[in-house]
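The values are calculated or read from the model by the stated rules, or taken from the named source; none is laboratory data. In this text the structure is predicted, and so the values were computed from the model without any measurement. Here the Cβ positions follow ideal geometry from the backbone for every residue, glycine too, while neighbour counts run over all protein chains shown. Surface areas here come from the heavy atoms of the whole protein model, side chains and all, with no ligands, DNA or RNA. Shrake-Rupley method; radii C 1.70, N 1.55, O 1.52, S 1.80 Å.
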Amino acid sequence: MQAQEAIRSVLHQNCPDYQIIISDNSTSDGLGAIVMEISNAVKYVRRSGNLTALEHFNACISEVDTKYFALFHDDDVMLPNFVELFWRAHSHFPDAIAYGANAIIQADGLPCGLAFKASTQYVGPIDMIALGSRYFARHQMGIAPLPSYVYQKKDHLVFDLNAGKYGDVQWLLMHAELGDIVWINEPSMIYRLHDTNDSKTESLSDRLKFLRFLKTHKICSESIILIHYRRFLYKKILLDSNLFQKIGRNKILRDYLICSQWNINFMVNNFTALIKKMSYKIQTLSDFYSNKL
């Protein structure tokens with residue numbers, strides 16, 4: 001069972017400076033029995049089983065009584081260095097509001113790459129624009145997955161229950177508005193891809209909700225993020241046969257996409273990102289062949 005493996009991975013950390021609380025929002029009592037088998041020293045909280053994912057996160061956050069916390073998922077695995085690397089990053093960036101970790105992406109039980117690529121020990125400090133660009137800009141080099149983050153506790157920061165399935169990115173952007181985020185390059189978890197991952201399904205209505213968040217936000221509204229995200233979203237809408245079927249609507253979308261593509265082609269930031277990505281790939285290949293020789 002994945003949850004059992006996840007719990008054991010958290011318990012087997014190199015650094016003992018942490019505590020584990022298991023919040024059970026499932027509809028059966030199977031997890032409780034597993035927790036009792038693994039360790040009777042683990043704090044176990046049984047929920048009603050009818051909370052949404054975001055409601056469950058908010059319930060957990062409201063009960064945090066430490067300065068830092070992580071919302072680790074039950075289908076992923078912590079490597080033994082997770083806590084150790086967080087405290088090391090904290091010593092270098094003590095004022096960061098959140099710390100994201102690199103992850104080994106695993107599909108069908110086999111590793112298939114890293115969550116993000118970087119040539120330095122730490123990426124950042126990352127502000128709101130830089131974080132949004134990692135999600136939506138062209139030529140970006142990956143992201144730190146949501147379960148990898150350790151957050152500084154802020155009582156007023158909770159998940160927006162009306163944000164939809166992309167509320168996790170909105171949650172991270174809200175953190176980046178208040179302070180810098182740091183990513184740790186060394187992998188410290190395994191992020192599993194499977195058929196039940198939330199990212200496997202799409203919701204255009206929730207995409208539009210998130211676009212509204214970006215448009216109404218005073219920082220995001222002035223960035224290149226909106227241009228890239230609109231283009232990404234409108235391409236999906238154009239391909240959806242159930243939307244915008246009235247006469248002329250498809251032509252409007254096509255004209256917008258053509259115009260935005262010309263604008264993107266002449267953006268300096270676009271070429272800067274491409275050059276940076278190419279430089280990283282060249283450096284990675286150089287390091288590989290140096291070690292091989």
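So if we plug the beta-carbon distance of I237 and K117 into 1/(1 + (r/R0)^6) with R0 = 30 Å, what FRET efficiency do we get, rounded to 0.05? Provide the component values of the computation, followed by the final result.
Working: r = 30 Å, r/R0 = 1.01.
With R0 = 30 Å, the Cβ-Cβ based efficiency is 0.50.
Per residue, how big is the convex hull around the C-alpha atoms of the stretch 93-198? Give it to me in cubic angstrom, could you? If you can, show how the numbers build up before the last one.
Working: hull volume 12.3 nm³, N = 106.
Here the figure is 116 Å³ per residue.
Report the local net charge at Y122: Lys and Arg +1, Asp and Glu -1, summed over other residues whose C-beta lies under 13 Å from its C-beta.
Numbers: positive: R88; negative: D180, E186.
Every neighbour counted, the sum reads -1.
Evaluate E = 1/(1 + (r/R0)^6) for I34 and S91, where r is the Cβ-Cβ distance and R0 equals 35 Å; express this FRET efficiency to the nearest 0.05. Intermediate values should be presented prior to the final figure.
Working: r = 35 Å, r/R0 = 1.00.
The calculated FRET efficiency here is 0.50.
In nanometres, what is the gap between the two model label sites at E186 and C15, each 7 Å from Cα along Cα-to-Cβ?
Reported label-point gap for E186 and C15 is 1.0 nm.
Could you give the length gained by full extension between D206 and D127, i.e. 0.36 nm per residue of separation minus their alpha carbon distance, to one decimal place? Numbers along the way, then the final one.
Numbers: separation 79, 0.36 × 79 = 28.44 nm, distance 2.39 nm.
Stretched out fully, the D206 to D127 stretch lengthens by 26.0 nm.
Give the carbon-plus-sulfur fraction of the accessible surface of the stretch 1-56 in %, rounded to a whole number; probe 1.4 Å, heavy atoms of protein chains only.
Details: 1760 of 3440 Å².
C and S fraction of accessible area: 51 percent.
By DSSP, what percent of the beta bridges with both residues in the stretch 11-167 are antiparallel, rounded to the nearest 5? Walk me through the numbers on the way to the answer.
Working: 9 of 13 bridges.
If I count the DSSP bridges inside the stretch 11-167, around 70 percent turn out antiparallel.
Can you give the net charge of the other residues whose Cβ lies under 9 Å from the Cβ of V45, counting K and R as +1 and D and E as -1? Each step should come with its number before you reach the end.
Numbers: positive: K43, R46, R47; negative: D24, E63.
Result for the local shell: +1.
Could you compute Rg(Cα) / (2.2 N^0.38 Å) for the stretch 50-116, with N its residue count?
Values: Rg = 14.5 Å, N = 67, 2.2 N^0.38 = 10.9 Å.
Working it through for the stretch 50-116, the quotient is 1.34.
Place a label point 7 angstrom from the Cα of R46 along the Cα-to-Cβ direction, then list the residues of the stretch 1-31 whose backbone nitrogen is under 16 Å away.
22-31
Mind checking the full-extension length gain between K67 and L193? Use 0.36 nm per residue of separation minus the Cα-Cα distance, one decimal, nm. Spell out each step's value before the answer.
Working: separation 126, 0.36 × 126 = 45.36 nm, distance 3.05 nm.
Extra length from K67 to L193 when fully extended: 42.3 nm.
Could you compute the FRET efficiency for Q2 and E55, with r as their C-beta to C-beta distance and R0 at 22 Å, rounded to 0.05?
Working: r = 22 Å, r/R0 = 1.00.
The value I calculate is 0.50.
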